[in-house]
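Dropping a structure here in structure tokens format, bear with me for questions.
The values are calculated or read from the model by the stated rules, or taken from the named source; none is laboratory data. On a predicted model such as this, the values are computed, not experimentally measured, just so you know. Here the Cβ is made from the backbone with ideal geometry for all residues, glycine too, and neighbour counts use every protein chain on show. Just so you know, the surface numbers come from the protein's heavy atoms only, side chains and all, with ligands and any DNA or RNA stripped out. Shrake-Rupley method; radii C 1.70, N 1.55, O 1.52, S 1.80 Å.
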Amino acid sequence: MPLSLIFLVLLGLGLGAFALGRSKGAAMASAPGAGGGGRIGSVHSRPNYHGAFVALVALAPALLLVASWAAVGDGVIAERVIASVPEATRPATELDRSAFMNEVQGLVSGDMEAGFNPDAEVAAKLFVTTRGTYNLIVGALAAALFAMGGLWAFSRLRPQFRARNSVERAVKWLLVASSLVAILTTFGIVMSLVFESFRFFQSVSPVEFLTGTTWSPQTAMRADQVGSSGAFGAVPLFWGTIFIGAIIAMVVAIPLGLMSAIYLTQYAPSQVRRYLKPLLELLAGVPTVVYGFFAALTVAPAVRDFAVSLGMTDASSESALAAGLVMGIMIIPFVSSMADDALTAVPQAMRDGSLAMGATRSETVRRVLVPAALPGIVGGVLLAISRAIGETMIVVMAAGLAANLEINPFKSVTTVTTQIVALLTGDQEFDSPKTLSAFALGLVLFVITLILNIYALSVVKKYREAYE
Amino acid sequence: MSDYPSNTVPETKMTARNVSVFYGAKQALKSVSIDVSREHVTAFIGPSGCGKSTFLRCFNRMNDTVESARVEGEIKLDGTDVYSPEMDVVQLRARVGMVFQKPNPFPKSIYENIAYGPRIHGLARSKADMDGIVEGSLRRAGLWDEVKDRLAESGTAMSGGQQQRLCIARAIAVDPEVILMDEPCSALDPIATAKIEELIDELRGRYAIVIVTHNMQQAARVSQKTAFFHLGTMVEYGDTSTIFTNPAESRTKDYITGRYG
Ligand SMILES: Nc1ncnc2c1ncn2[C@@H]1O[C@H](COP(=O)(O)OP(=O)(O)OP(=O)(O)O)[C@@H](O)[C@H]1O
Ligand SMILES: [Mg+2]
């Protein structure tokens, strides 16, 4: 009996338990005399709550059992199976054991026709029978738990029993658990970043990583190569990231985003605004890989041709400018929607006061609205920067891989995210400094965007409070 | 009630003839005509929603900023139609200033709040000029002694009453001919209100002043002319003393004696 079937059967039984609890609750509510009678308060909880209470108490322990078996079951079975292999040929190292079990699993699922290892074929049969027995035991235990929980819960139903409160409490814990999943996952990701970075920093000093100006991790591929230690000075990557994401992209996005926000909030008739604003925000929904195509196939060649026409014969087709321009376009909706919020939050009275002084609309925008909305706008820009420096697809497709410290925007630079992709794609060993350096880069990126986001949100929040 | 006010006022500054205002399809003001005197304070009274603010905002074309608003009829400043090409809206608003119900100083320094209008209209040739304008305006608004040592502080950090006087000072900094005030004291306590009323009294004669108020005593105290509005029409217009002691219309009497909301 597979676990999924056990799971479904339990759910079905749960529905039954709900129906039983509900009907008992309904019977109590309509019973004459003795606390019944249908008045509010004569029965504490509505029938649905009685049903939900019984179902919850019956299901929760049984499902927990099945879920934990699903998590550890295969490991336990694998122990048994490996123990059954004759001592002489039994796999000893961790690596051999996992290879052996992979083979067994392959045979069991039918992905493999025959094993390389004769032991595996025997083991596969054992695996199937062991799993069957264990699942049967788990199923029986779950059923017993279900029955016990259900009967106990059912026996507790009384007119004055507070089923509603119990169910509400269970709902609260369910919600807490769901939000914990997201938080714990994030925490886990960060921990793995920190852990892998720590391994990286055992072979490369953090000082060299953060201040070195030469980046050539590829040389570390083969141990017999000259300079096999590689060079892990990440400054060119940080520079490229800032050059593209925080400088070129922002030169594009800040004026365009701000001006479209000003048009939309101050000039556009409400009909125009109604259509234009969502249209602009639609830009934010375009997959970044599409921007990447656009950058690599349309903008980059145009930028190169332009550079050549300026006399730069060595202009590269992968330029900081092409990636930055397209990234700037991509960021416009972020800047404009934050600026839009900030401008709309400036009280109408402020605008009226200025207009009533005889100021024109553009004077009002320039002298009153933008200064008043500045903190909100700055916050929006910071969020946009943090988004731009974490952006990957556009730079992977258009910025190039050359780790140059270069301020000529027509030259090729590389960014942190581009390098992470380059370091981790293809078959890699996950213990060379080369691949580990990707985690260190990721950690730096994470820390920078985190700081930017926290700061930006606090700026925006403080500013919101000022007008409330 | 006749279409035109029967009692003409001395030295008419602004005139309105058959002014109607629509918000979309809804008519908020129905064919109102009035003459506003240069020397007097004119009060607009009437129950909430009767169109006082709407009418007031016609005099400096602030209704232009409301997308759905449409104004019909004729409004003249010194005989020139405010909608005519000779009267640019920027110039109109420099000549007809406005003070709002809620004090709305800009989030700038006290000095910059006052200097805002003169800068926009290019009234000061030098820094000394501007300093003079700022000081003069604050003095006329009776605020100079309170703020002269903290001109660089933010205008929004003052008390509500001070903010409202700052807004009045800001309005007079461009030396307008008319000042429109829409319930300028409704957000203030009695003491701050008394100060504003005193100020209005001092400004009378120098500027034509139109004030909207819900406070009957205030209208009686500060104004010489009173117009009573009801449901988008002007019911009665005349000397304040007459309106308050011997109104011609029973609706006016009911409102003034508090028998009508
Ligand atoms: N921007 C607007 N859009 C649509 N209708 C409006 C607008 N402003 C005012 N109105 C309507 O016009 C009518 C007159 O409003 P107005 O603000 O002039 O009244 P008021 O006499 O100043 O009232 P109050 O004493 O409450 O300030 C009201 O019915 C109001 O709902
Ligand atoms: Mg009003």
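One-quarter of the Cα convex hull surface for region B:115-253, in nm²? Show your work: numbers first, answer last.
Working: hull surface 38.7 nm².
Spelled out: convex hull of the Cα atoms, projected over all directions, averaged, 9.7 nm².
Still on this structure: Can you give the convex hull volume per residue for the Cα atoms of region A:57-134, as a whole number of Å³? Intermediate values should be presented prior to the final figure.
On the way: hull volume 7.5 nm³, N = 78.
Convex hull of Cα atoms, per residue: 96 Å³.
When the accessible area of each residue in region A:315-361 is compared between its chain alone and the complete protein assembly (1.4 Å probe; ligands, DNA and RNA ignored), which residues differ by at least 40 Å², being lower in the assembly?
A:Met350, A:Asp352, A:Leu355, A:Ala356, A:Met357, A:Gly358
To continue, here is another question. Could you let me know the centre-to-centre spacing of region B:151-167 and region A:138-210, using Cα atoms, in angstrom?
What the calculation gives is 55 Å, centre to centre.
Here is a further query. Dimensions of chain B along principal axes (Cα, Å, largest first)?
Sorted from largest, the Cα extents of chain B read 53, 43, 35 Å.
Rolling a 1.4 angstrom probe over the protein heavy atoms, how many square angstrom per residue are accessible across region A:74-193? Present the calculation step by step, with values, prior to reporting the outcome.
Working: 7770 Å² over 120 residues.
Solvent-accessible surface per residue comes out at 65 Å².
Also, I was wondering about something else. Provide the FRET efficiency to the nearest 0.05 for the B:Ser84-B:Ala194 pair, computing r from the beta carbons and using R0 = 41 Å.
Values: r = 40 Å, r/R0 = 0.98.
Efficiency computed from Cβ-Cβ geometry: 0.50.
Over 10 Å intervals from 0, what percent of Cα-Cα pairs in region A:3-161 sits in each interval?
Spelled out bin by bin, region A:3-161 gives 11, 28, 20, 15, 12, 9, 5, 1 percent.
What spacing in nm lies between the two simple spin-label points modelled at A:Ala140 and A:Ala302, each 7 Å away from Cα in the Cβ direction?
7.4
Taking trypsin sites (Lys or Arg not before Pro) as exposed when DSSP calls them loop (any state but H, G, I, E, B) and at most 12 other Cβ atoms lie within 10 Å, what is the longest stretch of chain A free of them, the sites themselves excluded? Display every interim value, and only then the final one.
Values: sites that count: A:Arg39, A:Arg222.
Free of exposed loop sites, the longest segment is A:223-468.
Enter the mean number of other protein chain beta carbons within 10 Å of the beta carbon of each residue in A:100-106, as an integer.
Numbers: counts 0, 0, 0, 0, 0, 0, 0.
Counting Cβ atoms of other protein chains within 10 Å of each residue's Cβ and averaging gives 0.
Further question on the same structure: Quick check: net charge around B:Val178, other residues with Cβ under 9 Å of its Cβ, Lys/Arg +1 and Asp/Glu -1?
Working: positive: B:Lys13, B:Arg38, B:Arg95; negative: B:Glu177.
Overall, the nearby charge balance is +2.
Along Cα→Cβ, 7 Å out, is where each label goes; now give me the distance between the ones at B:Glu153 and A:Val235 in nm to one decimal.
4.9
Right, here's the next one. On a 0 to 90 degree scale, rounded to 10, what angle separates helix B:160-172 from the longest Cα axis of chain B?
90
Follow-up question, since we're still on this one. Please give the helix A:270-282 orientation as an angle from the longest Cα principal axis of chain A, in degrees from 0 to 90, rounded to the nearest 10.
Approximately 70 degrees, to the nearest ten.
If you don't mind, another one. Just the number, please: buried accessible area between B and A, total of both chains, 1.4 angstrom probe, nearest 100 square angstrom. Display every interim value, and only then the final one.
Numbers: alone 11710 and 25130 Å², together 35170 Å².
For chain B against chain A, roughly 1700 Å² becomes buried.
Taking chain B, how many lysine pairs are there with alpha carbons less than 20 Å apart, if each pair must be eight or more places apart or span two chains?
17
Against the longest principal axis of chain B, how steep is helix B:190-203, in degrees 0 to 90 to the nearest 10, with axes from Cα atoms?
90
Something else about it: From the Cα trace of region A:231-467, what convex hull volume per residue do you get, rounded to a whole Å³?
Values: hull volume 33.2 nm³, N = 237.
Hull volume normalised by residue count: 140 Å³.
Can I ask one more? Sequence gap at least 6, Cα distance under 8 Å: using those rules, report the relative contact order of chain B to the nearest whole percent. Kindly include the intermediate steps, with their values, before the conclusion.
Working: 508 pairs, mean separation 67.4, N = 261.
About 26 percent, as a whole number.
Run through region B:36-134 and list the GluC sites (Glu not before Pro) located in a DSSP loop whose Cβ has at most 11 other Cβ atoms within 10 Å. Mind dumping the intermediate values first?
Details: sites: B:Glu39, B:Glu67, B:Glu72, B:Glu74, B:Glu86, B:Glu112; in loops: B:Glu39, B:Glu67, B:Glu86.
Those satisfying the criteria are B:Glu67, B:Glu86.
Using a/c under 1.5 as the rounded threshold, could you call region B:1-108 rounded, prolate or oblate? The axes a ≥ b ≥ c are square roots of the C-alpha gyration tensor eigenvalues, and prolate needs a/b larger than b/c, oblate otherwise.
Details: a/c = 1.30, a/b = 1.13, b/c = 1.15.
Rounded is the answer for region B:1-108, as its axis ratio a/c remains below 1.5.
A further question follows. At most 15 other Cβ atoms within 10 Å and a DSSP loop assignment: could you name the chymotrypsin sites (Phe, Trp or Tyr not before Pro) in region A:359-440 that fit? If you can, show how the numbers build up before the last one.
Details: sites: A:Phe410, A:Phe430, A:Phe439; in loops: A:Phe410, A:Phe430.
Loop-located and lightly packed - A:Phe430.
If you don't mind, another one. For the protein assembly as shown, what % of the accessible area comes from carbon and sulfur atoms, probe 1.4 Å? Present the calculation step by step, with values, prior to reporting the outcome.
Values: 21820 of 35170 Å².
Answer for the protein assembly as shown: carbon and sulfur cover 62 percent of the accessible area.
Is the C-alpha gyration tensor of chain A telling us rounded, prolate or oblate? Criteria: a/c under 1.5 is rounded; beyond that, a/b larger than b/c is prolate, otherwise oblate.
Values: a/c = 3.05, a/b = 1.26, b/c = 2.42.
In terms of gyration-tensor shape, oblate.
For chain B, what is the accessible area per residue in Å² when the probe is 1.4 Å? Before the final figure, lay out the partial values.
Details: 10900 Å² over 261 residues.
So chain B comes to 42 Å² accessible per residue, rounded to a whole number.
Any chance you could check region B:63-104 for residues losing 10 Å² or more of accessible area when the partner protein chains are in, compared with the chain on its own (1.4 Å probe)?
Hits at the 10 Å² cut-off: B:Thr65, B:Glu67, B:Val90, B:Arg93, B:Met98, B:Phe100, B:Asn104.
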